[in-house]
Amino acid sequence: MSHESLQRTPLFERHLALKAKMIPFSGWEMPVRYQGVMAEHRAVRSRAGVFDISHMGKFVLRGPHVRAQLERIVPSSLAAIQPGQSRYTVMLNERGGIVDDLILYDRGRDRQNPDWECWTTIVNAATTAKDWNWMQQHLSDVTFEDLSGDRVLLAVQGPEAAEILQTLVREPLHEIPRFGHGPVTLSDRSDDVGFIARTGYTGEDGFEVMLSPSAGLELWNRLLAAEVVPCGLGARDTLRLEAALHLYGQDMDDDTTPLEAGLSWLVDWSEERDYIGKSALLEQKQAGVRRRLVGLIMSGREIARSGYEVANGDAPVGTVVSGTQAPTLGKAIALAYVSPTLAKVGTELNVKIRDRFCPATVVKRPFYRAIAK
């Protein structure tokens, strides 16, 4: 795909002004790094960083029974979710494979139609069109609005993210719990109401803020003026991997079930609920999975990359799906699918790197976690 055909976020010119390294990503021209992946990663772990994630899909769903409709396409129960709360979950196909992972936000009653529910969902950039079509195909009596190209979405992440962001917005952020959300306005722009959620993809506390392009650009500039470090896709990947957070299309896909991907905690097995893929998951639960996602720490300095073979001795037993040098840990880490009998924490395996078998150990996930309570 040529650069001319790539989409650009409303902050594209700001990225160029900051001399960001731009790359094609999921149909968008996105910053992969500014001052460097290591520096950006450490900024998020030590203080705060901001990511332009405006490329992600953003849908609003309205209708009289949105919750009930959503429960037909996700394996998680949404019964306990109240307005102002949200749920991370997955959509499944009939085989139990993962169509995408997403967060569903209960916005309460729709302003224009008080008898309707209003939900927002944020989906992966690479699957925005696929998810839009899937939802429209399987949800009835629901009105869809696609905000994907009309809003700036910023992720402000790090141990000081809340403190810094609070100086720039009106709403009391301490009242928003983890996975809570609500309206947000910049401190001097009460006419431009956006959306803020205490969610993120780094393993740190932080917020994701959805605003109009003008308000989003203003917030970006003010965050940088407050010495919040701009971060690119490179740091986003090392941060999420340290936190063992899945990347769709790499760590899971349409042929991967939640039971294989270590996401069985998302699955509601209650008899009274039915949803797409449930029968396939029940069969797999009874028969047992053929592979399981594990976390690996390399014994040496070698880095296990996506696609590398995992071996028991020299016998192939699985495949690496994500791997990096973890800046916070000072060790090389990876996510891999292996035979279930070898998935126990403490199991010693090898990763084939070029022609060498390099030792690795199965460890508990996440590799790193520092989310504020």
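The values are calculated or read from the model by the stated rules, or taken from the named source; none is laboratory data. Note that this is a predicted model, so its numbers are computed, not measured. As a convention, Cβ positions derive from the backbone with ideal geometry for all residues, glycine included, and neighbour counts pool all protein chains shown. For accessibility, only protein heavy atoms count, side chains too; no ligands or nucleic acids. Shrake-Rupley method; radii C 1.70, N 1.55, O 1.52, S 1.80 Å.
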* Which pairs have Cβ atoms under 8 Å, sit 6 or more apart or on different chains, and link a residue in the stretch 339-351 that is touching a residue at least 40 places away in the same chain (Cβ under 8 Å) to one that is among the acidic types (Asp, Glu) and crowded, with 17+ Cβ neighbours inside 10 Å? -> Val351/Glu302; Val351/Glu309
* To do: Need at least 1 residues that are in contact with a strand residue (DSSP E or B) (Cβ under 6 Å, 6 or more places away or on another chain), more than 24 Å from Ala225 (Cα to Cα) and open to solvent by 10 Å² or more (accessible area, probe 1.4 Å) per element, so show me which strands (runs of 3 or more DSSP E) inside the stretch 10-95 make the cut, counting only ones lying wholly within it.
  => 21-25, 28-33, 57-63, 86-92
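Matching residues to (1) outside any strand (DSSP E or B); (2) over 30 Å from Asp355 (Cβ atoms); (3) open to solvent by less than 10 Å² (accessible area, probe 1.4 Å):
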{"residue": "Asn221", "(1), (2), (3)": "yes, yes, no"}
{"residue": "Leu224", "(1), (2), (3)": "yes, yes, no"}
{"residue": "Arg240", "(1), (2), (3)": "yes, yes, yes"}
{"residue": "Leu245", "(1), (2), (3)": "yes, yes, no"}
{"residue": "Val321", "(1), (2), (3)": "no, no, no"}
{"residue": "Gln325", "(1), (2), (3)": "no, no, no"}
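Within the group Lys331, Lys352, which residue is touching an Asp or Glu at 6+ places or on another chain (Cβ under 9 Å), surrounded by 14 or more Cβ atoms within 10 Å (Cβ to Cβ), farther than 30 Å from Gly180 by Cα and not acidic (Asp, Glu)?
Only one candidate passes the filter, namely Lys352.
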* Residues within the stretch 253-294 that are surrounded by fewer than 13 Cβ atoms within 10 Å (Cβ to Cβ), closer than 26 Å to Val363 by Cα and charged (D, E, K, R), tallied -> 2
* Just one of (1) of a type in the set (S, T, N, Q); (2) touching a helix residue (DSSP H, G or I) at 6+ places or on another chain (Cβ under 8 Å); (3) exposed (fewer than 15 other Cβ atoms within 10 Å of the Cβ) trips up Thr202, so point out which. => (3)
* Taking only the stretch 171-199 into account, find how many residues are open to solvent by less than 40 Å² (accessible area, probe 1.4 Å), part of a loop (DSSP other than H, G, I, E, B) and under 22 Å from Arg236 (Cα atoms). => 2
